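To start, the structure under review is shown below, and the notes come after it.
Computed from the coordinates by the stated procedures, all read-outs in this text should not be read as laboratory data. Predicted, not measured: the structure shown is a model, and the values here were computed from it. Cβ coordinates were reconstructed from backbone atoms using ideal geometry, including for glycine residues, and neighbour counts include every protein chain displayed.
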Amino acid sequence: MKEWNQHIERGVVYIYTPFCGTCSVARAMLENIERLHQQDIFHEMNASIHPEYMQDSQIESVPCLLFVENGEVVEKIYTFYSTANIYDYLIKYQPELFSNAT
């Protein structure tokens, strides 16, 4: 995963806290996706270090995935459900990941 910076124009941000068990499960799903694609797809942000961003962006809980387009958050998801569910969002917001699929 790539380190988060506040000036992402387009991408997916994974927000977590270090001692969150559900966050660990979510991270495993995201790491599996990155392993399959053999690239860093997600930016990660430790919510504990960025409370002002959490407040300003009205992040309700962790884990959270933010989908960013043109520097703006276009969707937030808090329930990951499954790897397949995350793929549904990636197909919607990052279809280029699948353009070389056979």
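Within the range 7-54, which residues are loosely packed, with under 12 Cβ neighbours inside 10 Å and among the polar types (S, T, N, Q)?
Those that are loosely packed, with under 12 Cβ neighbours inside 10 Å and among the polar types (S, T, N, Q): Q38, Q39.
Say we look at the range 13-47 and pick out the residues that are touching a Pro at 6+ places or on another chain (Cβ under 8 Å) and among the hydroxyl-bearing types (S, T, Y); which of these is nearest to P95 (Cα to Cα)?
Ranking the qualifying residues of the range 13-47, first place goes to Y14.
Exactly one of (1) free of Cβ contacts under 8 Å to residues at least 40 places away in the same chain; (2) of a type outside the set (V, I, T); (3) touching a helix residue (DSSP H, G or I) at 6+ places or on another chain (Cβ under 7 Å) is unmet by Q55. Its number?
(3)
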